[in-house]
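Taking it in order: structure first as C-alpha cells, then the write-up.
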Amino acid sequence: MTAPDPQQPLTLLGGLTPAEFLRDYWQQRPLLVRGAIPGFENPIEPDDLAGLATDPDAGSRLVLGHQDRQDWAVEYGPFAAERLEQLPDRDWTLLVTDVERFWPDGLDFLARFDFIPRWRRDDLMISCAAPGGSVGPHVDQYDVFLFQAAGHRRWQIQDPPGALDCHDDLPLAILREFTPSDSWDLGPGDLLYLPPSLPHYGLALDAQCMTWSVGFRAPSLVDVIGGYFDERASALEESTRFEDPGRAPAVHPSEIPSSDRRALRDRLRALLAADDAELDAYLGRFLTRPAAALELAPDDPEQATTAPPDAVFDIHPGVRRAWFQSTDGPVLCLAGKNYPLPPVAPEVLEAFCAAESLSVAEWREAIPNIRDILRDGLEAGWLAPRDFNAGP
C-alpha cells in the first residue's frame, strides 16, 4: 500500500498533483473542487447515521439553532431513538465522529487522502442536517476537507480572518462577528479544503444535506513537550534527590548560592538531554497513543502465548499505528509503544499498519516479536481474540 504519486494529477484535487496542492494550498488557502469524486453515490443514509448516534461507543452530538436567532443549543449522544425521531423540520445538525471505526469502507474513503501522512489524520466525521442546520460560524485549529455526499450546503469563509472572539454565553465556540468574503454552494461530489484558523460557516440548504469531514490533527507543541517531560519524570526513581556532600558553609542563609544553582542546572540538563534516536522513539509513542475517549477492554495477555499460531486477534479500529526508519532499522509504533524490527520492506510495514487482525502464523517471519505485540495488545485492550481453544 503506497501513497498516491505526488506528480500524478488527481480529480480529487481538481486536477492538481499532490505536490502542487501541498505547495500552493495546504495550510495556506482554500480550494474548491467541483465533481471531486465523479459518479459518487452516498452509501450512508440519514437513518444509518441516526442509528450510529444511538451507539454508546460512537461520539455524536446534536446542534440546534440558527445564526439569525443566536439560539444555539447542543446535546451529546448516545441518543435515544425517540429523541431523534422528534426533531423539528429545520435548523438542526447531527454529527458523528470516527465513523471509520464503525464503517470499514470509511477507511477506503480516507485512503484517498494518503498523500498526507496518516499520523496527521484525525477522523471521518459525517453530519446530516435539516434545512437551516449549522454549527454556526467558527474556526478550526486543523486542516479539513469538506465533502458533500448528498444534498446541498452553502459554505462561507471570512478571509482575512479579522477578530476571532467567540460568544462566552453560548454552548458552542461561535464567533461574535462573521463577515463572509466568499460563498459557495456545494452539491453531491463537491469538495472544499479549508486551512486552519480560517473562519467558516456552513448552512444546510435542503433536507438531504449530508457532509463528510476529513480532519487532520496537528498536535500542540505544549502537549508534545508536556508528554516528554511526563515520561522523563516517570522514569526517575522516587528516591532521586539532590545531593551535596562536602558543601561549604552558608555565608548568607537566605541566598541560593551559585554553586547550588549550577549543580541543579547541570542535573536538569543531564536528565532532559536526549539524542535524535531517543526523541524519535518518544514521538512514535506520543503520536500513536490511544485517544482519551477510546474505550478499550483489556484481556488475559497470556493468551498471546497459549494461543495456537493460527489464532486470530482482531485489532480495535480506533488504534493508531505508524512506523519510522531509524539508523538501526525500522521501528513500529503501535498504541503508544515502540517495537524495533529487523530489516523489513516498507510495503510489509504498510500492510501491518493497515491490517484489521493479527496472527502469529501470518507475521512471525516479518515481525519476530509478534507475540510480544499480541501480549501488549491484549493487556491494553486494543486486541480481542477470536474464538480458539487455548492450549494447557
Here the FRET efficiency for Ser197 versus Phe40, based on Cβ atoms and R0 = 25 Å and rounded to 0.05, is 0.30
Find the centroid of the Cα atoms in region 13-71 and in region 82-121, then give the distance between the two in whole Å.
-> 8
Amide H partners (placed H, <5 Å) of Asp159, local residues excluded = Ser181, Asp182
Please work out whether region 58-107 counts as rounded, prolate or oblate from its C-alpha gyration tensor, where a ≥ b ≥ c are the square roots of the eigenvalues and a/c under 1.5 means rounded, while otherwise a/b larger than b/c means prolate and anything else oblate?
-> prolate
Which value in nm describes the separation of the simple spin-label points at Glu278 and Asp310, placed 7 Å from the Cα toward the beta carbon?
-> 4.7
Cα atoms only, region 290-385: Rg and Dmax in Å?
-> 12.7, 35
If each of Asp71 and Asp328 carries a label point 7 Å out from its Cα toward its Cβ, how far apart are those two points in nm?
-> 6.4
Ranked highest first by average number of other Cβ atoms within 10 Å, how do 120-133, 78-91, 173-186 line up?
-> 120-133, 173-186, 78-91
Global size of the chain as Cα Rg and Dmax, reported in angstrom | 25.4, 83
Which residues' amide hydrogens lie under 5 Å from the amide hydrogen of Leu124, considering only partners 5 or more residues apart or on another chain, with H built in the peptide plane?
-> Asp98, Val99, Glu100
Ranked packing of 354-366, 244-256, most packed first, by mean Cβ within 10 Å | 354-366, 244-256
Are there any helices in the chain, counted as whole DSSP H runs, that stretch 20 Å or more along their axis by Cα and score at least -1.0 on average by Kyte-Doolittle, and if so which?
-> 221-235, 258-272
Putting +1 on Lys and Arg Cβ atoms and -1 on Asp and Glu Cβ atoms, find which of Pro104, Tyr193, Leu49 reaches farthest to the positive end of the dipole of region 11-216.
-> Tyr193
222 nm mean residue ellipticity, helices alone, for the chain (DSSP H n ≥ 4; -39,500 (n - 2.57); rounded to 500) = -7000 deg cm²/dmol
Region 317-344 residues near the modelled Ala351 label - backbone nitrogen below 14 Å, point 7 Å along Cα→Cβ | 344
Farthest toward the dipole's positive end in the chain, which of Pro245, Leu10, Gln158, given Cβ charges of +1 (Lys, Arg) and -1 (Asp, Glu) about the Cα centre?
-> Pro245
Which residues does a label at Arg120 reach in region 208-243, if reach means a backbone N under 17 Å from a point 7 Å past the Cα toward the Cβ?
-> 214-221
Projected label distance in nm at Asp108 and Ala248, using a 7 Å step from Cα toward the beta-carbon | 7.6
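Read-outs throughout are calculated quantities, based only on the coordinates presented, and are distinct from any laboratory measurement. Since we're looking at a predicted model, the values are computed, not measured. Every residue, glycine among them, receives a Cβ derived from its backbone with ideal geometry; neighbour counts consider all protein chains shown.
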